[in-house]
Amino acid sequence: MKPVSELLKQRDGVLWHVRPEDSVYAALEQLARHEVGALLVMDGSRLVGIFSERDYTRKVALQGRSSKDTTVAEIMTSNVITVTPSTRTRACMSLMSGKRIRHLPVVDGDTVLGMI
């Protein structure tokens, strides 16, 4: 199977992201605007988490919290599992299945290249 770098070449290279201090409501607006299910959470150029629809439903909606009064940092997934550009797609699929995750950031050192 191909390395992840081949998948990234087929994309436009835009990294949809939010900041930890952004409100969950603002993050939800971005999810809707870009028609995606997750966003990278970036502190400057550093990846600090992932914000997903799953985070919202389990940590805001089901707990009765306000999306306008809750920050992304309060509910994001901060233990981010990443892969490198040379990781094979089969290994990514296995990792995603085994860890029960749907979004996998691709990093080269400290540089975020994309998300699959």
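The values are calculated or read from the model by the stated rules, or taken from the named source; none is laboratory data. Values in this document were obtained by computation on a predicted structure and should not be read as measured data. Here Cβ is always computed from backbone atoms with ideal geometry, including for glycine, and neighbour counts include all displayed protein chains. In case anyone asks, the SASA skips ligands and DNA or RNA and just uses the protein heavy atoms, side chains included. Shrake-Rupley method; radii C 1.70, N 1.55, O 1.52, S 1.80 Å.
Side notes on the structure shown:
Yes/no per residue for (1) open to solvent by 40 Å² or more (accessible area, probe 1.4 Å); (2) closer than 24 Å to V14 by Cβ; (3) at pLDDT below 95:
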site	(1), (2), (3)
L39	no, yes, no
D43	yes, yes, no
R54	yes, yes, yes
V72	no, yes, no
S86	yes, yes, no
S94	yes, no, no
R102	yes, yes, yes
P105	no, yes, no
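- Qualifying positions in region 29-56 - among the charged types (D, E, K, R) and outside any strand (DSSP E or B): E29, R33, E35, E53, R54, D55
- Condition met for M96 (part of a strand (DSSP E or B) and either without any contact (Cβ under 8 Å) to a residue 40 or more places away in the chain or out of contact with any Cys (no Cβ under 8 Å at 6 or more places or on another chain) (or both)): no
- Subset of region 107-116 that is assigned to a loop (DSSP other than H, G, I, E, B) and open to solvent by 50 Å² or more (accessible area, probe 1.4 Å) - its residue that is nearest to R46 (Cα to Cα): D110
- Hey, V48 free of Cβ contacts under 8 Å to residues at least 40 places away in the same chain and open to solvent by less than 30 Å² (accessible area, probe 1.4 Å) or not: yes
- Within region 1-15, the set of residues being closer than 17 Å to V112 by Cβ, part of a helix (DSSP H, G or I) and not β-branched (V, I, T) comprises S5, L7, L8, K9.
- For region 16-28, a residue qualifies if it is outside any helix (DSSP H, G or I), of a type outside the set (D, E, K, R) and either over 20 Å from I101 (Cβ atoms) or touching a Cys at 6+ places or on another chain (Cβ under 7 Å) (or both), and exactly one does: S23.
- Taken as a whole, region 57-69 holds at least one residue that is open to solvent by 80 Å² or more (accessible area, probe 1.4 Å), closer than 13 Å to A27 by Cα and assigned to a loop (DSSP other than H, G, I, E, B).
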